[in-house]
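Colleague: For reference, the structure I am asking about is given below.
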Amino acid sequence: MHMMVVAFWGAFFGAVALMLAGSLAAFARSLHRVALAAALSAVVSALFVVAYLGLLPVQDPAHRSRFLAHVAMLSATVLSLMLLAMLGLLRNAKAARRVRTGMVGMALVVLALGWLLDASPALALSSTVTFAIGAAMLLICVRSARRGDRLAWVAVSGVSFMLVAVGGLSWIALDAAAPWQVHAVSAIAGMAYLSSMATALWIRYSYLIELREVVIHGPSYDPITRMRSHAETGQMVGLAFFRQHEDQSQPVGVIGISIGNLYMLEKLHGRPAVNHALFVCASRLRRCVPADVEMGRLGEDGFLLLARASRDPQRLVSLARIVAERLARPVKLSTSGALADLEEGQAHWVAQVGVGVLATAAQVRPSAAVSTARAMSRTAWSYASRVAWRDEASGEIAEVPAIDSE
(Lines give C-alpha, C1' and ligand atoms only; values in the text may rest on other atoms or scores of the structure.)
Protein backbone atom coordinates (compact mmCIF):
# COMPACT_ATOMS: atom_id res chain seq x y z
CA MET A 1 0.00 0.00 0.00
CA HIS A 2 1.30 3.45 -0.94
CA MET A 3 2.75 5.44 1.97
CA MET A 4 0.45 8.38 1.22
CA VAL A 5 -2.54 6.03 1.40
CA VAL A 6 -1.39 4.78 4.81
CA ALA A 7 -0.89 8.35 6.06
CA PHE A 8 -4.31 9.62 4.99
CA TRP A 9 -6.25 6.63 6.26
CA GLY A 10 -4.22 6.69 9.47
CA ALA A 11 -5.38 10.27 9.99
CA PHE A 12 -8.98 9.16 9.37
CA PHE A 13 -8.81 6.42 12.01
CA GLY A 14 -7.21 8.94 14.36
CA ALA A 15 -10.31 11.13 13.91
CA VAL A 16 -12.47 8.08 14.65
CA ALA A 17 -10.51 7.46 17.87
CA LEU A 18 -10.97 11.10 18.92
CA MET A 19 -14.71 10.88 18.35
CA LEU A 20 -14.92 7.68 20.37
CA ALA A 21 -12.96 9.33 23.19
CA GLY A 22 -15.43 12.23 23.11
CA SER A 23 -18.34 9.80 23.29
CA LEU A 24 -16.79 8.15 26.36
CA ALA A 25 -16.40 11.55 28.01
CA ALA A 26 -20.05 12.31 27.27
CA PHE A 27 -21.09 8.93 28.69
CA ALA A 28 -19.12 9.64 31.87
CA ARG A 29 -21.19 12.81 32.31
CA SER A 30 -24.42 10.78 31.99
CA LEU A 31 -25.11 12.19 28.53
CA HIS A 32 -26.01 8.79 27.17
CA ARG A 33 -27.81 9.93 24.02
CA VAL A 34 -24.88 12.13 23.03
CA ALA A 35 -22.44 9.30 23.67
CA LEU A 36 -24.51 6.79 21.71
CA ALA A 37 -24.93 9.07 18.70
CA ALA A 38 -21.22 9.98 18.57
CA ALA A 39 -20.08 6.37 19.06
CA LEU A 40 -22.43 5.03 16.39
CA SER A 41 -21.29 7.66 13.88
CA ALA A 42 -17.65 6.79 14.51
CA VAL A 43 -18.02 3.00 14.62
CA VAL A 44 -20.29 2.66 11.58
CA SER A 45 -18.10 5.01 9.53
CA ALA A 46 -14.97 3.09 10.55
CA LEU A 47 -16.60 -0.25 9.72
CA PHE A 48 -17.60 1.05 6.29
CA VAL A 49 -14.06 2.24 5.56
CA VAL A 50 -12.38 -0.94 6.87
CA ALA A 51 -14.67 -3.12 4.77
CA TYR A 52 -14.30 -1.10 1.57
CA LEU A 53 -10.51 -0.91 1.93
CA GLY A 54 -10.37 -4.71 2.06
CA LEU A 55 -8.81 -4.80 5.52
CA LEU A 56 -11.08 -7.56 6.78
CA PRO A 57 -9.85 -11.19 6.67
CA VAL A 58 -12.10 -12.22 3.81
CA GLN A 59 -10.03 -13.62 0.95
CA ASP A 60 -12.64 -14.86 -1.50
CA PRO A 61 -13.61 -11.95 -3.83
CA ALA A 62 -17.24 -13.08 -4.11
CA HIS A 63 -17.66 -13.38 -0.35
CA ARG A 64 -15.99 -10.00 0.13
CA SER A 65 -18.34 -8.33 -2.34
CA ARG A 66 -21.36 -9.90 -0.64
CA PHE A 67 -20.13 -8.68 2.73
CA LEU A 68 -19.50 -5.16 1.41
CA ALA A 69 -23.03 -5.02 0.02
CA HIS A 70 -24.43 -5.78 3.47
CA VAL A 71 -22.11 -3.28 5.18
CA ALA A 72 -23.14 -0.56 2.72
CA MET A 73 -26.86 -0.98 3.40
CA LEU A 74 -26.36 -1.27 7.17
CA SER A 75 -24.26 1.92 7.24
CA ALA A 76 -26.66 3.87 5.02
CA THR A 77 -29.68 2.86 7.13
CA VAL A 78 -28.13 3.59 10.53
CA LEU A 79 -26.48 6.89 9.57
CA SER A 80 -29.59 8.14 7.77
CA LEU A 81 -31.85 7.44 10.74
CA MET A 82 -29.34 9.15 13.05
CA LEU A 83 -29.27 12.20 10.78
CA LEU A 84 -33.06 12.45 10.69
CA ALA A 85 -33.23 12.15 14.47
CA MET A 86 -30.55 14.82 14.91
CA LEU A 87 -32.55 17.20 12.70
CA GLY A 88 -35.62 16.61 14.86
CA LEU A 89 -37.60 14.92 12.07
CA LEU A 90 -38.41 11.80 14.09
CA ARG A 91 -40.05 13.45 17.10
CA ASN A 92 -43.50 12.21 16.17
CA ALA A 93 -43.68 8.58 17.31
CA LYS A 94 -45.93 7.39 14.47
CA ALA A 95 -43.91 9.15 11.79
CA ALA A 96 -40.67 7.82 13.29
CA ARG A 97 -42.05 4.27 13.26
CA ARG A 98 -43.05 4.59 9.59
CA VAL A 99 -39.66 6.02 8.60
CA ARG A 100 -37.72 3.32 10.46
CA THR A 101 -39.89 0.57 9.02
CA GLY A 102 -39.52 1.99 5.51
CA MET A 103 -35.75 2.34 5.77
CA VAL A 104 -35.23 -1.17 7.15
CA GLY A 105 -37.65 -2.63 4.61
CA MET A 106 -35.87 -0.92 1.73
CA ALA A 107 -32.50 -2.21 2.95
CA LEU A 108 -33.84 -5.78 3.16
CA VAL A 109 -35.34 -5.54 -0.34
CA VAL A 110 -32.04 -4.30 -1.80
CA LEU A 111 -30.11 -7.09 -0.09
CA ALA A 112 -32.64 -9.68 -1.28
CA LEU A 113 -32.31 -8.42 -4.85
CA GLY A 114 -28.54 -8.58 -4.47
CA TRP A 115 -28.71 -12.28 -3.69
CA LEU A 116 -30.44 -12.79 -7.04
CA LEU A 117 -27.39 -11.27 -8.75
CA ASP A 118 -23.74 -12.17 -8.92
CA ALA A 119 -21.48 -10.80 -6.19
CA SER A 120 -20.04 -7.82 -8.11
CA PRO A 121 -23.41 -6.55 -9.45
CA ALA A 122 -24.85 -6.97 -5.94
CA LEU A 123 -22.08 -4.74 -4.55
CA ALA A 124 -22.68 -2.20 -7.31
CA LEU A 125 -26.42 -2.21 -6.51
CA SER A 126 -25.85 -1.65 -2.79
CA SER A 127 -23.29 1.09 -3.44
CA THR A 128 -25.67 2.84 -5.84
CA VAL A 129 -28.56 2.68 -3.38
CA THR A 130 -26.26 3.91 -0.58
CA PHE A 131 -25.27 6.91 -2.69
CA ALA A 132 -28.94 7.55 -3.56
CA ILE A 133 -29.90 7.49 0.13
CA GLY A 134 -27.11 9.97 0.83
CA ALA A 135 -28.37 12.24 -1.94
CA ALA A 136 -31.91 12.05 -0.50
CA MET A 137 -30.56 12.96 2.95
CA LEU A 138 -28.74 15.92 1.39
CA LEU A 139 -32.01 17.19 -0.11
CA ILE A 140 -33.75 16.81 3.27
CA CYS A 141 -30.94 18.74 4.97
CA VAL A 142 -31.12 21.54 2.40
CA ARG A 143 -34.89 21.74 2.84
CA SER A 144 -34.56 21.99 6.62
CA ALA A 145 -31.81 24.59 6.27
CA ARG A 146 -33.91 26.75 3.96
CA ARG A 147 -36.70 26.64 6.55
CA GLY A 148 -34.39 28.31 9.05
CA ASP A 149 -32.71 25.40 10.86
CA ARG A 150 -29.11 26.55 11.21
CA LEU A 151 -28.05 23.10 12.39
CA ALA A 152 -29.15 21.71 9.01
CA TRP A 153 -26.47 23.74 7.22
CA VAL A 154 -23.82 21.85 9.19
CA ALA A 155 -25.57 18.61 8.22
CA VAL A 156 -25.56 19.72 4.56
CA SER A 157 -21.78 20.01 4.59
CA GLY A 158 -21.42 16.71 6.45
CA VAL A 159 -23.62 14.76 4.03
CA SER A 160 -21.84 16.35 1.05
CA PHE A 161 -18.50 15.11 2.38
CA MET A 162 -20.05 11.70 3.06
CA LEU A 163 -21.16 11.40 -0.58
CA VAL A 164 -17.63 12.17 -1.74
CA ALA A 165 -16.24 9.54 0.63
CA VAL A 166 -18.80 6.92 -0.44
CA GLY A 167 -18.06 7.57 -4.11
CA GLY A 168 -14.31 7.27 -3.56
CA LEU A 169 -14.57 4.11 -1.45
CA SER A 170 -16.89 2.50 -3.99
CA TRP A 171 -14.26 3.18 -6.66
CA ILE A 172 -11.57 1.66 -4.41
CA ALA A 173 -13.69 -1.44 -3.70
CA LEU A 174 -14.41 -2.05 -7.38
CA ASP A 175 -10.87 -1.22 -8.58
CA ALA A 176 -8.00 -2.39 -6.39
CA ALA A 177 -5.58 -0.34 -8.51
CA ALA A 178 -7.27 3.00 -7.76
CA PRO A 179 -4.64 5.82 -7.57
CA TRP A 180 -3.54 7.13 -4.18
CA GLN A 181 -5.22 10.47 -4.91
CA VAL A 182 -8.60 8.72 -4.71
CA HIS A 183 -7.65 7.37 -1.29
CA ALA A 184 -6.51 10.84 -0.20
CA VAL A 185 -9.72 12.57 -1.28
CA SER A 186 -11.87 9.83 0.30
CA ALA A 187 -9.97 9.97 3.60
CA ILE A 188 -10.13 13.76 3.78
CA ALA A 189 -13.86 13.67 2.97
CA GLY A 190 -14.36 11.03 5.67
CA MET A 191 -12.58 13.18 8.26
CA ALA A 192 -14.59 16.21 7.21
CA TYR A 193 -17.80 14.17 7.58
CA LEU A 194 -16.85 13.09 11.10
CA SER A 195 -15.95 16.67 12.03
CA SER A 196 -19.26 17.97 10.68
CA MET A 197 -21.25 15.33 12.54
CA ALA A 198 -19.35 16.01 15.77
CA THR A 199 -20.09 19.72 15.38
CA ALA A 200 -23.76 19.07 14.66
CA LEU A 201 -24.08 16.73 17.63
CA TRP A 202 -22.48 19.30 19.90
CA ILE A 203 -24.79 22.07 18.64
CA ARG A 204 -27.83 19.86 19.05
CA TYR A 205 -27.13 18.33 22.42
CA SER A 206 -25.42 21.29 24.08
CA TYR A 207 -28.81 22.97 23.68
CA LEU A 208 -30.45 20.03 25.44
CA ILE A 209 -27.79 19.91 28.17
CA GLU A 210 -28.30 23.58 28.93
CA LEU A 211 -32.06 23.20 28.76
CA ARG A 212 -31.88 20.39 31.33
CA GLU A 213 -30.07 22.71 33.73
CA VAL A 214 -32.68 25.38 33.09
CA VAL A 215 -35.75 23.29 33.84
CA ILE A 216 -34.12 21.83 36.96
CA HIS A 217 -32.83 25.04 38.54
CA GLY A 218 -35.54 27.47 37.45
CA PRO A 219 -35.37 31.26 37.88
CA SER A 220 -32.50 31.08 40.38
CA TYR A 221 -30.29 29.87 37.52
CA ASP A 222 -30.16 32.81 35.14
CA PRO A 223 -28.91 30.81 32.13
CA ILE A 224 -32.63 30.12 31.82
CA THR A 225 -32.34 32.99 29.35
CA ARG A 226 -28.55 33.34 29.21
CA MET A 227 -29.20 37.03 29.67
CA ARG A 228 -28.53 39.63 32.33
CA SER A 229 -30.17 38.97 35.65
CA HIS A 230 -32.78 41.41 36.96
CA ALA A 231 -30.19 43.34 38.95
CA GLU A 232 -27.79 43.54 36.01
CA THR A 233 -30.60 44.76 33.77
CA GLY A 234 -31.07 47.70 36.14
CA GLN A 235 -27.36 48.49 35.89
CA MET A 236 -27.57 48.26 32.09
CA VAL A 237 -30.44 50.78 32.04
CA GLY A 238 -28.69 53.16 34.43
CA LEU A 239 -25.46 53.15 32.39
CA ALA A 240 -27.31 53.70 29.10
CA PHE A 241 -29.24 56.70 30.43
CA PHE A 242 -26.16 58.11 32.16
CA ARG A 243 -24.40 58.21 28.80
CA GLN A 244 -27.49 59.76 27.23
CA HIS A 245 -27.41 62.61 29.74
CA GLU A 246 -23.75 63.18 28.92
CA ASP A 247 -24.45 63.28 25.19
CA GLN A 248 -28.05 64.26 24.49
CA SER A 249 -27.61 63.58 20.76
CA GLN A 250 -27.53 59.85 21.57
CA PRO A 251 -31.15 58.92 22.49
CA VAL A 252 -31.92 55.51 23.95
CA GLY A 253 -34.52 53.30 22.33
CA VAL A 254 -36.40 51.15 24.83
CA ILE A 255 -38.38 48.05 23.83
CA GLY A 256 -40.34 46.24 26.51
CA ILE A 257 -41.56 42.68 25.91
CA SER A 258 -44.20 40.99 28.06
CA ILE A 259 -45.55 37.45 27.80
CA GLY A 260 -49.07 37.24 29.11
CA ASN A 261 -49.82 33.54 29.40
CA LEU A 262 -46.91 32.23 31.47
CA TYR A 263 -49.04 32.08 34.64
CA MET A 264 -51.66 29.91 32.94
CA LEU A 265 -48.90 27.75 31.45
CA GLU A 266 -47.51 27.11 34.92
CA LYS A 267 -50.92 26.19 36.30
CA LEU A 268 -51.52 23.73 33.46
CA HIS A 269 -48.09 22.15 33.01
CA GLY A 270 -45.87 23.16 35.92
CA ARG A 271 -42.77 25.27 36.36
CA PRO A 272 -40.50 23.23 34.03
CA ALA A 273 -42.75 24.17 31.09
CA VAL A 274 -42.48 27.87 32.05
CA ASN A 275 -38.71 27.60 32.27
CA HIS A 276 -38.62 25.93 28.87
CA ALA A 277 -40.86 28.66 27.42
CA LEU A 278 -38.60 31.44 28.73
CA PHE A 279 -35.55 29.59 27.42
CA VAL A 280 -37.07 29.33 23.93
CA CYS A 281 -38.18 32.98 23.90
CA ALA A 282 -34.72 34.15 24.95
CA SER A 283 -33.08 31.95 22.30
CA ARG A 284 -35.34 33.41 19.62
CA LEU A 285 -34.56 36.94 20.82
CA ARG A 286 -30.83 36.38 20.52
CA ARG A 287 -31.24 35.15 16.97
CA CYS A 288 -33.25 38.14 15.76
CA VAL A 289 -31.90 41.09 17.78
CA PRO A 290 -28.98 43.05 16.22
CA ALA A 291 -25.61 43.01 17.94
CA ASP A 292 -25.81 46.70 18.94
CA VAL A 293 -29.02 46.15 20.95
CA GLU A 294 -28.57 45.08 24.60
CA MET A 295 -30.92 42.58 26.22
CA GLY A 296 -31.99 41.74 29.77
CA ARG A 297 -34.77 40.26 31.86
CA LEU A 298 -37.72 42.46 32.79
CA GLY A 299 -39.64 40.98 35.69
CA GLU A 300 -40.69 37.35 35.70
CA ASP A 301 -42.58 37.50 32.41
CA GLY A 302 -40.67 39.81 30.12
CA PHE A 303 -37.51 41.11 28.50
CA LEU A 304 -36.00 44.53 27.92
CA LEU A 305 -34.12 45.69 24.83
CA LEU A 306 -32.02 48.87 24.79
CA ALA A 307 -30.75 50.47 21.59
CA ARG A 308 -28.24 53.23 22.23
CA ALA A 309 -27.84 56.10 19.75
CA SER A 310 -31.27 55.22 18.39
CA ARG A 311 -32.04 58.16 16.11
CA ASP A 312 -34.35 56.21 13.79
CA PRO A 313 -37.71 55.33 15.42
CA GLN A 314 -38.68 53.24 12.40
CA ARG A 315 -35.75 50.92 13.06
CA LEU A 316 -37.13 50.31 16.54
CA VAL A 317 -40.58 49.66 15.12
CA SER A 318 -39.19 47.20 12.56
CA LEU A 319 -37.29 45.38 15.28
CA ALA A 320 -40.41 45.27 17.47
CA ARG A 321 -42.40 43.71 14.63
CA ILE A 322 -39.74 41.05 14.10
CA VAL A 323 -39.64 40.27 17.82
CA ALA A 324 -43.42 39.97 18.04
CA GLU A 325 -43.51 37.63 15.04
CA ARG A 326 -40.64 35.40 16.17
CA LEU A 327 -41.78 35.01 19.77
CA ALA A 328 -45.35 34.19 18.72
CA ARG A 329 -44.33 31.11 16.76
CA PRO A 330 -45.72 27.83 18.19
CA VAL A 331 -43.47 25.57 20.24
CA LYS A 332 -43.74 22.18 21.95
CA LEU A 333 -42.64 22.45 25.58
CA SER A 334 -41.27 19.81 27.90
CA THR A 335 -43.06 19.30 31.18
CA SER A 336 -40.26 17.20 32.67
CA GLY A 337 -36.63 17.80 33.58
CA ALA A 338 -35.48 14.43 32.19
CA LEU A 339 -32.97 14.79 29.35
CA ALA A 340 -34.67 12.09 27.28
CA ASP A 341 -37.99 14.00 27.38
CA LEU A 342 -36.73 17.46 26.37
CA GLU A 343 -37.13 16.95 22.61
CA GLU A 344 -40.48 15.19 22.94
CA GLY A 345 -42.51 18.16 24.09
CA GLN A 346 -45.94 17.40 25.48
CA ALA A 347 -47.33 20.95 25.71
CA HIS A 348 -48.20 22.89 22.56
CA TRP A 349 -47.83 26.57 23.38
CA VAL A 350 -47.97 29.95 21.66
CA ALA A 351 -46.67 32.97 23.56
CA GLN A 352 -49.12 35.83 24.13
CA VAL A 353 -46.57 38.48 23.24
CA GLY A 354 -46.84 42.21 23.72
CA VAL A 355 -44.12 44.65 22.60
CA GLY A 356 -43.88 48.30 23.63
CA VAL A 357 -41.61 50.73 21.74
CA LEU A 358 -40.37 53.96 23.33
CA ALA A 359 -37.87 56.46 21.90
CA THR A 360 -36.75 58.37 24.98
CA ALA A 361 -35.72 61.97 25.51
CA ALA A 362 -32.85 63.15 27.71
CA GLN A 363 -35.10 64.34 30.53
CA VAL A 364 -36.90 61.00 30.99
CA ARG A 365 -35.95 59.12 34.15
CA PRO A 366 -34.68 55.57 33.52
CA SER A 367 -37.26 53.95 35.81
CA ALA A 368 -40.06 55.89 34.10
CA ALA A 369 -38.87 54.86 30.63
CA VAL A 370 -38.71 51.18 31.59
CA SER A 371 -42.08 51.19 33.34
CA THR A 372 -43.67 53.02 30.40
CA ALA A 373 -42.26 50.50 27.89
CA ARG A 374 -43.48 47.64 30.04
CA ALA A 375 -46.96 49.15 30.36
CA MET A 376 -47.10 49.66 26.61
CA SER A 377 -46.11 46.03 26.03
CA ARG A 378 -48.98 44.88 28.24
CA THR A 379 -51.35 47.18 26.38
CA ALA A 380 -50.14 45.59 23.12
CA TRP A 381 -51.64 42.24 24.18
CA SER A 382 -54.97 43.54 22.93
CA TYR A 383 -53.61 44.71 19.55
CA ALA A 384 -53.65 42.61 16.42
CA SER A 385 -50.04 43.55 15.61
CA ARG A 386 -48.95 42.93 19.25
CA VAL A 387 -46.85 46.12 19.06
CA ALA A 388 -47.59 49.47 20.74
CA TRP A 389 -45.73 52.79 20.59
CA ARG A 390 -46.18 56.41 21.55
CA ASP A 391 -47.80 58.33 18.71
CA GLU A 392 -45.90 61.63 18.65
CA ALA A 393 -48.72 63.40 16.82
CA SER A 394 -51.36 62.69 19.47
CA GLY A 395 -49.06 61.99 22.42
CA GLU A 396 -50.98 58.79 23.13
CA ILE A 397 -50.12 55.11 23.08
CA ALA A 398 -51.28 53.58 19.81
CA GLU A 399 -51.01 50.35 17.90
CA VAL A 400 -48.28 49.93 15.31
CA PRO A 401 -50.13 48.75 12.21
CA ALA A 402 -49.21 45.37 10.75
CA ILE A 403 -47.07 45.57 7.62
CA ASP A 404 -49.72 44.11 5.33
CA SER A 405 -52.25 46.67 6.57
CA GLU A 406 -50.11 49.72 5.77
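Colleague: Pulled fully out, how much extra length does the chain show between I203 and A132, if you take 0.36 nm times their separation in residues and subtract their Cα-Cα distance?
Modeller: 22.9 nm
Colleague: Oh, and also: Once phi is turned into θ = phi - 60°, what whole-Hz ³J(HN,Hα) does the Karplus curve with 6.51, -1.76 and 1.60 give for every residue of region 86-92, x standing for Gly and Pro?
Modeller: Ordered by residue, 3J(HN,Hα) equals 5, 7, x, 8, 10, 6, 6 Hz.
Colleague: With +1 on each Lys and Arg Cβ and -1 on each Asp and Glu Cβ, how big is the dipole of region 283-327 about its Cα centre, in debye rounded to the nearest 20?
Modeller: With only Lys, Arg, Asp and Glu charged at Cβ, the dipole is about 160 debye.
Colleague: I've got another one for you. Which distance in nm do the two modelled labels at R98 and K267 give, with both placed 7 Å along the Cα-to-Cβ direction?
Modeller: 3.8 nm
Colleague: Could you sort R311, R329 by accessible area so the largest value comes first, with the probe set to 1.4 Å? The partial results should precede the final answer.
Modeller: Numbers: R311 155, R329 105 Å².
Largest to smallest exposure gives the sequence R311, R329.
Colleague: Here is a further query. Taking +1 at the Cβ of each Lys and Arg and -1 at the Cβ of each Asp and Glu, which of A95, F67, L24 sits farthest along the dipole of region 1-151 towards its positive end, judged by Cα position relative to the Cα centre?
Modeller: A95
Colleague: Here's a follow-up. Relative to a virtual label point 7 Å from the Cα of L36 in the Cα→beta-carbon direction, which members of region 73-107 show backbone nitrogen distances below 13 Å?
Modeller: Within reach of a label on L36: 82, 85-86.
Colleague: Now for a different question. May I ask you to give the solvent-accessible area per residue for region 13-117, in square angstrom, as obtained with a 1.4 angstrom probe?
Modeller: Values: 5500 Å² over 105 residues.
I get 52 Å² per residue for this part.
Colleague: What is the dipole size for region 24-148, taken about its Cα centre, with +1 at each Lys and Arg Cβ and -1 at each Asp and Glu Cβ, in debye to the nearest 20?
Modeller: Value, rounded to 20: 800 debye.
Colleague: Please give, to one decimal in nm, the separation of the simple spin-label points placed at A21 and R91, each 7 Å out from Cα toward the Cβ.
Modeller: The two pseudo-label positions are separated by 3.5 nm.
Colleague: Report the accessible area of K94, computed with a 1.4 Å probe over the heavy atoms of all protein chains in place, in Å² rounded to the nearest 10.
Modeller: 140 Å²
Colleague: Could you sort the peptides 266-277, 136-147 by per-residue average Cβ neighbour count (10 Å cutoff), highest mean leading?
Modeller: 266-277, 136-147
Colleague: Here's a follow-up. Using only protein heavy atoms and a 1.4 Å probe, report how much of M106 is accessible, in Å² to the nearest 10.
Modeller: 70 Å²
Colleague: What nm value, rounded to one decimal, do you get for the distance between S318 and F67 when each label is placed 7 Å out toward the C-beta?
Modeller: 6.3 nm
The values are calculated or read from the model by the stated rules, or taken from the named source; none is laboratory data. Predicted model, so just to flag it, every value in this text is computed and none were measured. Every residue, glycine among them, receives a Cβ derived from its backbone with ideal geometry; neighbour counts consider all protein chains shown. Note: accessible area is taken over every heavy atom of the protein model, side chains too, but ligands, DNA and RNA are not part of it. Shrake-Rupley method; radii C 1.70, N 1.55, O 1.52, S 1.80 Å.
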